[in-house]
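Written out below as structure tokens is the structure these notes cover.
The values are calculated or read from the model by the stated rules, or taken from the named source; none is laboratory data. Model, not experiment: these values are computed from the prediction. We place every Cβ from the backbone using ideal geometry, glycine too, and count neighbours over all the protein chains shown. Ligands, DNA and RNA are stripped out before the accessible areas are found, and what is left, the full protein with its side chains, is counted by its heavy atoms. Shrake-Rupley method; radii C 1.70, N 1.55, O 1.52, S 1.80 Å.
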Amino acid sequence: MLLHAAIRQGGDLVASTAAWERIERVFASTWNVGGIMPSDDLDLDDWLDTKDNFYDIYVIGFQEIVPLNARNVLGPKKSCISAKWKSLIAAALNKNRVIERADSQQASTDNSAMESSAQAEYFSCIMSKQMVGIFTSVWARSSLKSFHSPFGCVIHRFGYHGLPREQGKHSMYKKAERTSDPQVVLLGDLNYRISLEETETRSLVKAKNWAILLENDQLLFEFSRGRHFEGWQEGSITFSPTYKYHPNSDQYYWCFDGARGEKKRAPAWCDRILWHGKGLKQVQYETCNYRLSDHRPVRAVFHAECDVSEGTQK
């Protein structure tokens, strides 16, 4: 599935009074949660990097927020689960902002209006979309609502429409290449594997020999041959393969004795973030150690140069 989410308006604009270029800090992340319901007290601060940093825009893509069985695929959409994830994200993004607002109530009346406004700033969801197992939401600082910012689009990818692997990949290539947006981020469980025998892959993973593994990474092979994703970029991978972990563990699945006949897939960098377009610079690309599912979340930070127009809100 491809989900296009244009981040062009943070609010309803009725007029334009000025235009200039500004740099937005954009946080983007993908996480296949394996159909596991989050607990009410799941702390997302580390994943969203809210303890030390705040970004202008957050783009969050989930895969398998529900188990991918026939009942969930063919039945009614379970919006209560996406609502729970939204609630947890909002709590993490606004936790420190709530504290600041509480502090501002005790601040001296001599504080400037500008300082009070900064303390009261918060993050709100400006777009969200659920399609069976995938869920995407976009969050922005409240001060951005007065701007028209043409930050391209997001392509959220998971699975292959039930098509054979190569046919499904071809569908993804074509849809990604057809986008006309100036700045594009593609994220998701792209399901690329390592083109080595499983025993050799496991041996290299044990030795943490990422260099040889990445030489045989299927997505990087596509890049090097120029076969697909012309003009697209990916940051350097310096982190461990993101799949397949044993849930609630730092060990890969094949390290455990599973049920008879159960597949023990070799590790791979299935979860990826790519980008395309001028004025878009990736400054961070890493994984995050959350053990909820058999995938690790991957996150990236971008500096996006945007031509913006200041307007007035309704």
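Would you confirm whether or not segment 156-177 contains a residue that is at pLDDT 65 or above and either open to solvent by 20 Å² or more (accessible area, probe 1.4 Å) or within 21 Å of Y245 (Cβ to Cβ) (or both)? Write out each step before concluding.
We begin by selecting, within segment 156-177, every residue at pLDDT 65 or above; these are none.
No: zero hits.
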Within segment 186-201, residues more than 11 Å from L213 (Cα to Cα) and not in a loop (DSSP other than H, G, I, E, B) come out as L186, L187, G188, D189, E198, T199
Filtering segment 221-234 down to residues that are part of a loop (DSSP other than H, G, I, E, B) and surrounded by 15 or more Cβ atoms within 10 Å (Cβ to Cβ) yields H228, F229, W232, E234
Scanning segment 235-292 residue by residue, those surrounded by 19 or more Cβ atoms within 10 Å (Cβ to Cβ), in contact with a Gly (Cβ under 7 Å, 6 or more places away or on another chain) and modelled with pLDDT under 95 turn out to be H276, G277
Within segment 289-303, the residues that are within 15 Å of S240 (Cα to Cα) and part of a loop (DSSP other than H, G, I, E, B) are N289, Y290, R291, D294, R296, P297
Discussion item. Is it the case, given these coordinates, that G10 is open to solvent by less than 40 Å² (accessible area, probe 1.4 Å) and at pLDDT below 65?
Written reply: yes
